[in-house]
Amino acid sequence: MSDDSILFEARDGVARITLNRPDRLNSFTAAMHGALREALERVKGDPATRVVLLTGAGRGFCAGQDLADRAVAPGAAPVDLGESIERNYRPLVLALRALPLPVVCAVNGVAAGAGANIALACDIVVATKSASFVQAFCKIGLIPDSGGTYFLPRLAGTARAMGLAMLGDRLTAEQAAQWGLIWRCVEDGEFTAVVEALVAQLAQAPTRGLGAIKRALHAAERNLLEAQLDVERDFQRELGNSDDYREGVAAFLAKRPPHFTGR
Ligand code: T3D
């Protein structure tokens, strides 16, 4: 990568992206956004990648925007945060959602501000028990961004979304799992093994099918039942022509494990 604030490794079908500014809890600078965009472009251009793993280096996952990356002070010239969202956070969330592959977020520690909501934009979120989620925006006079006002009420309901967003309290990983914000909270000692098993499973899975599941579930967020049944029909039609569907059925009938190629 052009910047070591993002580490990238692609191996065995897994693209590993690590946010790597541990002394600043992996908070985002403009340069780090650029490096992350570059990493996601590499994933898009690599047909061998079948799952993305996003995690953080050190004790935190990501503390959102690096508040020291620009001059903000009483009396200073105003900063156009809309420009920052438009250039960096909006495209990042949309890129994660649009990837036709599963994106696993391994929340290894505190996830705050945009860091919390970038995690929620991923497809499967596993957090270590000592991790936490903090909608820190209200403490500096902002609103949850990076999809926070979209994901929180859908995942946790409006009452909990409102409390999290207005109070900015730490939500433990355990509570986040109980509230349905994330897939799983895992004991710290088991975290790495659980994440590795998960990405290994997804790297061997029928990738086209998983990409279609992702698109269909996203479509369901705005569709009525009739339209969603159409979406399901169209994806099933497409997937019925895939190598992995044929392999899955053949393996089932032959009582052997399937060997999916992602095609
Ligand atoms: O601005 C735009 O472009 C618009 C978009 C905004 C998106 C956003 O994300 S806005 C929200 C920004 N994030 C925050 O407000 C979170 C700020 N951080 C915290 O509230 C706390 O650090 C945490 C709850 C995340 C963790 O607390 P704790 O006690 O575990 O760690 P700490 O001691 O506060 O932080 C450790 C170090 O990281 C510390 O530096 P030091 O004292 O060791 O030199 C701290 O200053 C630094 N750090 C943590 N978060 C940030 C940060 N430095 C810069 N920016 C940060 N966001």
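For the pair Glu226 and Phe252, label points projected 7 Å from Cα toward Cβ lie 3.1 nm apart. Across the stretch 169-184, computed HN-Hα scalar couplings (Karplus, 6.51 cos²θ - 1.76 cosθ + 1.60, θ = phi - 60°) run 6, 6, 9, 5, 4, 4, 5, 4, 5, 4, 7, x, 6, 9, 6, 8 Hz from first to last residue, x flagging Gly and Pro. Counting only alpha carbon atoms, the long axis of helix 243-253 and the longest principal axis of the chain meet at about 60°.
Going by accessible surface with a 1.4 Å probe and the largest first, Arg21, Arg256, Arg237 read Arg237, Arg256, Arg21. When the chain is treated as a GNM with alpha-carbon contacts under 10 Å, the residue of Asp123, Asp234, Asp244 showing the greatest mean-square fluctuation is Asp234. Taking the chain as a Gaussian network of alpha-carbon nodes connected by springs under 10 Å, the highest mean-square fluctuation of the residues Leu181, Leu167, Leu225 belongs to Leu225. What FRET efficiency comes out for Ala71 versus Met162 if R0 is 30 angstrom and r is the Cβ-Cβ distance? Round to the nearest 0.05. Computed FRET efficiency for Ala71 and Met162 comes out at 0.40. Projecting label points 7 angstrom from Cα along Cα→Cβ for Asp23 and Arg233 puts them 6.0 nm apart. Only the Cβ atoms of Lys and Arg (+1) and of Asp and Glu (-1) were treated as charged; on that basis the dipole of the stretch 1-117 about its Cα centre amounts to roughly 300 debye. By the Cβ-Cβ criterion of under 4.7 Å, the unpaired cysteines of the chain are Cys62, Cys138, Cys185.
What the phi angles of the stretch 213-226 give under the Karplus curve with 6.51, -1.76 and 1.60, with θ = phi - 60°, is a coupling list of 4, 4, 5, 5, 5, 5, 4, 5, 5, 10, 9, 7, 4, 4 Hz, glycine and proline written as x.
Could you look at the chain and say what percent of its accessible area is carbon and sulfur, using a 1.4 Å probe and all protein chains? Intermediate values should be presented prior to the final figure.
Numbers: 7780 of 13750 Å².
Answer for the chain is 57 percent, counting heavy atoms of protein chains only.
Length available on full extension from Leu155 to Ala200: 0.36 nm per residue minus the Cα-Cα distance, which gives 13.6 nm. What lysines sit close enough to Lys214 to cross-link, taking a C-alpha to C-alpha distance under 21 Å and skipping anything fewer than 8 places away on the same chain? Straight-distance partners of Lys214: Lys44.
With every protein chain kept in place and ligands, DNA and RNA left out, what is the accessible area per residue of the stretch 16-164? Probe 1.4 Å, answer in Å². Let's see the in-between values first.
Working: 6330 Å² over 149 residues.
On a per-residue basis, 42 Å².
When the chain is treated as a Gaussian network with alpha carbon springs shorter than 10 Å, the biggest mean-square fluctuation among Ala127, Ala197, Ala114 belongs to Ala197.
Close amide H partners of Cys185, meaning residues 5 or more places away or on another chain with modelled amide H under 5 Å apart, are Ala127.
Obtain the nm distance between the two label points defined at Ile143 and Glu86 by a simple spin-label model: each point lies 7 Å from its Cα along the Cα-to-C-beta direction. Computed distance between label sites Ile143 and Glu86 equals 1.7 nm.
The values are calculated or read from the model by the stated rules, or taken from the named source; none is laboratory data. Treat the numbers as computed from the prediction; the structure is a model and nothing was measured. Backbone-built Cβ (ideal geometry, glycine too); neighbour counts: all protein chains shown. Remember, those area values only see protein heavy atoms, side chains included, never the ligands or the DNA or RNA. Shrake-Rupley method; radii C 1.70, N 1.55, O 1.52, S 1.80 Å.
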